[in-house]
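The values are calculated or read from the model by the stated rules, or taken from the named source; none is laboratory data. These numbers were taken from a predicted model, which means no experiment stands behind them. Neighbour counts are summed over all protein chains in view; Cβ atoms, including those assigned to glycine, are modelled from backbone coordinates with ideal geometry. In case anyone asks, the SASA skips ligands and DNA or RNA and just uses the protein heavy atoms, side chains included. Shrake-Rupley method; radii C 1.70, N 1.55, O 1.52, S 1.80 Å.
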Amino acid sequence: MKQFDVVVVGGGHAGTEAAAAAARRGACVALISQAKSQIGTMSCNPSIGGLGKGHLVREVDAFDGLMARAADDSAIHHRMLNRSKGLAVQGPRIQADRTRYRNSIARQLSTYQNLTIVEGEVVDLVVSGDRVIGAILAEGDTVRSGAVVLATGTFLGGKIFRGEERLDGGRVGESAAHRLAARLRDLALPMHRLKTGTPPRLDGRTIDWGRLAPQPSDDDIWWMSTMPAAERLPQLACAITRTTPRSHDIVRRGLASSPLFGGAIEGQGPRYCPSIEDKIHRFGDRDGHQIFLEPEGLDDHLVYPNGISTSLDARVQQEMVTSVPGLERARITTMGYAVEYDHLDPRSLDHRLALPQLKGLFCAGQINGTTGYEEAAAQGLIAGLNAAAHACGLPHVTIDRAAGYIGVMIDDLVLQGVTEPYRMLTARAEFRLSLRADNAETRLSTIAMEANCLSGQRLFHVERRRELRDRARSGDTNIPVKDIDILREVEEDARYAPYVARQEEEVARIRRDEKIVLPPATSLSDVPGLSTEMIDRLRSSAPSTLGEASRIRGITPAALAALWLHARKAS
């Protein structure tokens, strides 16, 4: 039997960040993955960042995480989204070379002396009373630990759909985690189903690039991480094309065998990343939908056609693709598919991403009802930091809505729950004027230092840049070229200052309300003035403070006043 402080189940973006974060806090960590060679794999699109998502990547980087540096190591196309707008809503996004990205994650993990990678399938949890104390592998080995992080992605009860084909798997060619899914249901956890999908992959040598509108990489130099990076890789252009009315007719004729429209798929898919069949069904008046053709690597001919995720029959996919301008001779190397998987109702978690029902169990990524690499990595960071805290007796780490997009996402998940895969958007953050992607290091480094999760190299880097920032604020513009982003940050701070000052009162009110503790859900009927409807809404989310209650959908000002009066009398 092996003994660790923290066991992390899953080697995707959530699992790798969780393992590395726990290790940075000093925990002895085991990262368990079905296949070592697949750790850090980008399952779907070959991109990192975007609107809201770029903020998350920079925030993970402020805690010395892996994702931003892997993005810089592998970027073959840079694009700053919303460039014409203010910095608060701009979204840094890169296209990654898939192989180089995975290699960078593996290299970074290999530098942690207290992190062991174990190859195997976790089929059960070791439970003692109300505590989780380890995991059991398919071969029968037991791995004991003080805490376990589940980062199972789409593998938990995963089922793949393509036309009338049905396959078991969390990713094409890889097995699903059915026994662990059954175990979680046996533990009476609130489990449900969600769905996601991926488009067919194309052989770039069969695309008529000359007919398509190119989308070049940005000319100016910027990075995802503030840490020094190697020289940029050669940059590749993407291209843009559109579906046609003929494409739409082909899709409509194929709906008869669609698992999405035939009722075979039970889980809800992401509204902000719909399949092509869903787009054509919901927006029947459109004569075309944009497709971004994104190269997958410098040494790879594969191209990712962003915008035509589908679970239609293979024959329909082929016919649809060749109906698109520039793709008439395109060869599909791997057909698109949908995958349905188990997730946990995130309202059963607390802000540490811990499950109070089973002490020592933490969850991150798609198991919590989210979609996207960046959302997964950010949750992995918080789950890993707090799993280490639980196992090693350290202070827990949480981020509130006024400090970071990570805090916005986790607060939304644990208070509101999900009805579809949750995706980060800048519109979800009420304090986005101060939560900019460019100032993540300034906003979060102090929290990261207090959590003792920065390497010596990162600490030196943060302190050096803090001094440069102070100089810039005093009017010194003689800043090294490699840190020139600091000048822009300070300029934007000055531009936004009047608006941020107006927000400070609201931030202060929220933080004040977070200190007002509410009675437990079982005692809400004792609060005078609360209607049955309000009690039901509060019980479904179980807020622990007045601040949390104020953010639950449908809770009225009158109900908040009743809770405030009750809490005041109780104190």
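Mind counting the residues in region 552-564 that are in contact (Cβ under 8 Å) with a residue 24 or more places away in the chain and either out of contact with any Pro (no Cβ under 8 Å at 6 or more places or on another chain) or open to solvent by 60 Å² or more (accessible area, probe 1.4 Å) (or both)?
Counting residues in region 552-564 that are in contact (Cβ under 8 Å) with a residue 24 or more places away in the chain and either out of contact with any Pro (no Cβ under 8 Å at 6 or more places or on another chain) or open to solvent by 60 Å² or more (accessible area, probe 1.4 Å) (or both) gives 6.
Somewhere in region 415-424, is a residue of a type in the set (A, V, I, L, M), closer than 24 Å to residue 539 by Cβ and either within 17 Å of the chain's Cα centre (by Cα) or crowded, with 20+ Cβ neighbours inside 10 Å (or both)?
yes
I'm told residue 59 meets every condition in (1) under 13 Å from the mean Cα position of the chain (by Cα); (2) at pLDDT below 95; (3) among the charged types (D, E, K, R) except one. Can you identify the failing condition by its number?
Tallying (1) under 13 Å from the mean Cα position of the chain (by Cα); (2) at pLDDT below 95; (3) among the charged types (D, E, K, R), residue 59 fails exactly one: (2).
So which of 202, 184 ends up being under 23 Å from the mean Cα position of the chain (by Cα) and open to solvent by less than 40 Å² (accessible area, probe 1.4 Å)?
Unique residue meeting the criteria: 184.
How many residues are within 16 Å of the chain's Cα centre (by Cα), buried (at least 24 other Cβ atoms within 10 Å of the Cβ) and part of a helix (DSSP H, G or I) when one looks only at region 386-409?
Of the residues in that region, 4 qualify.
Pairs only if they're at least six apart or on different chains, beta carbon under 6 angstrom, first in region 1-28 and under 18 Å from residue 455 (Cβ atoms), second open to solvent by 30 Å² or more (accessible area, probe 1.4 Å) and among the polar types (S, T, N, Q); list them, first residue then second.
Taking only residues 6 or more apart or on different chains, the pairs are 23/114; 28/114.
Using beta carbons and a limit of 6 Å, which pairs, at least six apart or on different chains, have the first residue in region 326-346 and under 18 Å from residue 205 (Cβ atoms) and open to solvent by 10 Å² or more (accessible area, probe 1.4 Å) and the second one assigned to a strand (DSSP E or B) and not polar (S, T, N, Q)?
331/203; 333/201; 333/203; 334/201
Could you please find all residues in region 498-531 being in contact with a strand residue (DSSP E or B) (Cβ under 8 Å, 6 or more places away or on another chain) and either of a type in the set (Phe, Trp, Tyr) or without any contact (Cβ under 8 Å) to a residue 40 or more places away in the chain (or both)?
513, 515, listed by residue number.
Restricting to region 373-398, count the residues that are over 21 Å from residue 130 (Cβ atoms) and either modelled with pLDDT under 95 or of a type in the set (S, T, N, Q) (or both).
The qualifying residues number 2.
So residue 111 ticks every box in (1) open to solvent by 50 Å² or more (accessible area, probe 1.4 Å); (2) farther than 30 Å from residue 214 by Cα; (3) touching a Gly at 6+ places or on another chain (Cβ under 7 Å) but one. Which box is left unticked?
Of everything listed in (1) open to solvent by 50 Å² or more (accessible area, probe 1.4 Å); (2) farther than 30 Å from residue 214 by Cα; (3) touching a Gly at 6+ places or on another chain (Cβ under 7 Å), residue 111 misses just condition (3).
Can you name the condition, by its number, that residue 492 falls short on among (1) at pLDDT below 90; (2) part of a helix (DSSP H, G or I)?
Here residue 492 meets the rest and fails (1).
Scan (1) of a type in the set (D, E, K, R); (2) within 29 Å of the chain's Cα centre (by Cα); (3) open to solvent by 40 Å² or more (accessible area, probe 1.4 Å); (4) closer than 21 Å to residue 160 by Cβ for the single condition residue 277 breaks and write down its number.
(3)
Scan region 462-489 residue by residue and report those that are part of a helix (DSSP H, G or I) and open to solvent by 50 Å² or more (accessible area, probe 1.4 Å).
463, 464, 466, 467, 470, 471, 473, 481, 482, 485, 488
Working only within region 532-549, note down all residues that are free of Cβ contacts under 8 Å to residues at least 24 places away in the same chain and polar (S, T, N, Q).
Of everything in region 532-549, just one residue is free of Cβ contacts under 8 Å to residues at least 24 places away in the same chain and polar (S, T, N, Q), namely 532.
Answer yes or no as to whether residue 47 is at pLDDT 95 or above, open to solvent by less than 10 Å² (accessible area, probe 1.4 Å), farther than 24 Å from residue 461 by Cα and not hydrophobic (A, V, I, L, M, F, W, C).
It is true that residue 47 is at pLDDT 95 or above, open to solvent by less than 10 Å² (accessible area, probe 1.4 Å), farther than 24 Å from residue 461 by Cα and not hydrophobic (A, V, I, L, M, F, W, C).
Looking at 406, 447 in this structure, which one is under 25 Å from residue 539 (Cα atoms) and in contact (Cβ under 8 Å) with a residue 40 or more places away in the chain?
406
Does residue 231 satisfy the condition of being in contact with a helix residue (DSSP H, G or I) (Cβ under 9 Å, 6 or more places away or on another chain) and surrounded by fewer than 17 Cβ atoms within 10 Å (Cβ to Cβ)?
The answer is no for residue 231.
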